[in-house]
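Okay, structure first, notes after.
The values are calculated or read from the model by the stated rules, or taken from the named source; none is laboratory data. It should be emphasised that the depicted structure is a prediction, and the values quoted were computed from it without experimental measurement. Cβ sites come from the backbone with ideal geometry, for glycine too, and all protein chains shown count toward neighbours.
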Amino acid sequence: MVLPEEGYLLRIFIGESDRKDGKLLYEWIVLEAKRQGMAGATVLRGIMGFGANSRVHTAKIERLSEDLPIVIEIVDTQEKLERFFNSIEGHIREGLATLEKAYIRFYRSKPTSNY
């Protein structure tokens, strides 16, 4: 797959314990991104954060949280990301989503070997 130099970055901020039909929501989003042909997706687990409800979630040892912040990042064209987001938005009960311009420097996979 070839991406243009000017792409977009979709970031979705949710909680680690958020679910969709019994499956972790971040897993469902990544698998849905793959199914819809997005260029790629990465899930990042935060060690501390808060959102719209102002409740702090932290990984401090004295207060182990099972609902740490999760950020899903997906880079592709604006059109594909808009289409993808519109298809999943109704399944995200709470969180935040942002879309921003991203300048793609390279997008490549490791060459396959014939060993």
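General observations
- Residues that are buried (at least 18 other Cβ atoms within 10 Å of the Cβ) and not hydroxyl-bearing (Ser, Thr, Tyr) were ranked within region 1-12; the one that is farthest from residue 45 (Cα to Cα) is 7.
- Every residue from region 35-55 that is assigned to a strand (DSSP E or B), surrounded by 11 or more Cβ atoms within 10 Å (Cβ to Cβ) and within 12 Å of the chain's Cα centre (by Cα): 41, 43, 44, 45
- Subset of region 38-97 that is under 11 Å from residue 15 (Cβ atoms) and acidic (Asp, Glu) - its residue that is modelled with the highest pLDDT: 94
- Residues located in region 1-23, provided they are in a strand (DSSP E or B) and farther than 14 Å from residue 88 by Cα: 6, 7, 8, 9, 15, 23
- If you check 8, 26 for being modelled with pLDDT of 95 or more, hydroxyl-bearing (Ser, Thr, Tyr) and in contact with a Ser or Thr (Cβ under 9 Å, 6 or more places away or on another chain), only one passes: 8.
- Taken over region 5-24, the criterion of being closer than 30 Å to residue 106 by Cβ and more than 10 Å from the chain's Cα centre (by Cα) is satisfied by 5, 6, 7, 8.
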